[in-house]
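Beneath this line is the structure, given in structure tokens, with notes to follow.
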Amino acid sequence: MNFKNNEEDYVKTIFSLSEAFEVANENQISRDLNVSMATVSEYLNKLERKKLIRKDGRDITLTREGYTMAIPVIKKHRISEVFAVKMLEVPWEYSHSAVMDIEHTIEDKYFDNFIRNLGNPLKCPHGNSIYNTSKTDDIKALLADNGKYRISRIVYEDTEMLKKMADLGMYPDTIVEVMHGDVVILSNNNGELKLPSIMSRTIRLGNILPA
């Protein structure tokens, strides 16, 4: 992987973690990129010197320059997920991990054609906006009252959690019931899914749309 790809992967990862959890940290980045903490620390220092990130104790966020770099990378990643599901028939739960290299190979001059040939989708398979312009009024599963909701999006696309959701048919725009106990539980006719605390913050729910 070249330096540019590395840089793009770091800012994309920090963007995604910040979208899900408000901030990122070195442990999360290390896990998501599958690289050592020492490597992450060294690379983050490079990004900080380039004014792409800001550190505040353990918290890491993108600067305006870092955010500007991340947006087109996120856009390419999410449209690549659509390509993986629609054209390559990659299972929904694996589409995030399947396109980690594809997004780096799409040349800007062909990108509009790529989108058009996919039908100009507005969201990735997990419900997240491709253009980051869609205003949402969805809420974290953690904060939802008991009751029935529509799954709006899965902000943090963890493959193991996506596999569990797929097994129960819990996809964006499907209906689930929320129950609070020791943990947050999502249920439908296929069964129940107990959400770890961290994931209950990243699955977003919305009102059930009229038929």
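The stretch 45-155: Rg/Rh from Cα coordinates, Kirkwood Rh? Taking Rh as the inverse mean 1/r over Cα pairs, Rg/Rh reads 1.03.
Taking the Cα atoms of the stretch 139-206, the ratio Rg/Rh between the radius of gyration and the Kirkwood radius comes to 0.89.
The residue among Asn34, Trp92, Gly206 whose Cα reaches farthest toward the positive pole of the charge dipole of the chain, with charges on the beta-carbon of Lys, Arg, Asp and Glu, is Gly206. Only Cα pairs under 8 Å and at least 6 apart count here; give the relative contact order of the chain as a rounded whole percent. Computed value for the chain: 17 percent relative contact order.
Here the residues Ile53, Ile102, ranked from fewest to most Cβ neighbours within 10 Å of their Cβ, fall in the order Ile102, Ile53. Pairs over the 22 Å Cα-Cα cut-off, from the set Lys86/Lys194; Lys12/Lys46; Lys55/Lys194; Lys50/Lys109; Lys50/Lys123: Lys86/Lys194; Lys55/Lys194; Lys50/Lys109; Lys50/Lys123. The calculated pair-distance distribution of the stretch 1-53 uses every alpha carbon pair, bins of 10 angstrom beginning at 0, and gives 25, 63, 12 percent. Overall, the chain carries a charge dipole of about 480 debye about its Cα centre when +1 sits on the Cβ of Lys and Arg and -1 on the Cβ of Asp and Glu, all other atoms neutral. Shape analysis of the chain based on the Cα gyration tensor places the equivalent ellipsoid semi-axes at 29, 22, 15 Å, largest first.
None of the figures in this text is laboratory data; all of them are computed from the coordinates on show. In this text the structure is predicted, and so the values were computed from the model without any measurement. All Cβ positions, glycine included, derive from the backbone under ideal geometry; neighbour counts span all protein chains shown.
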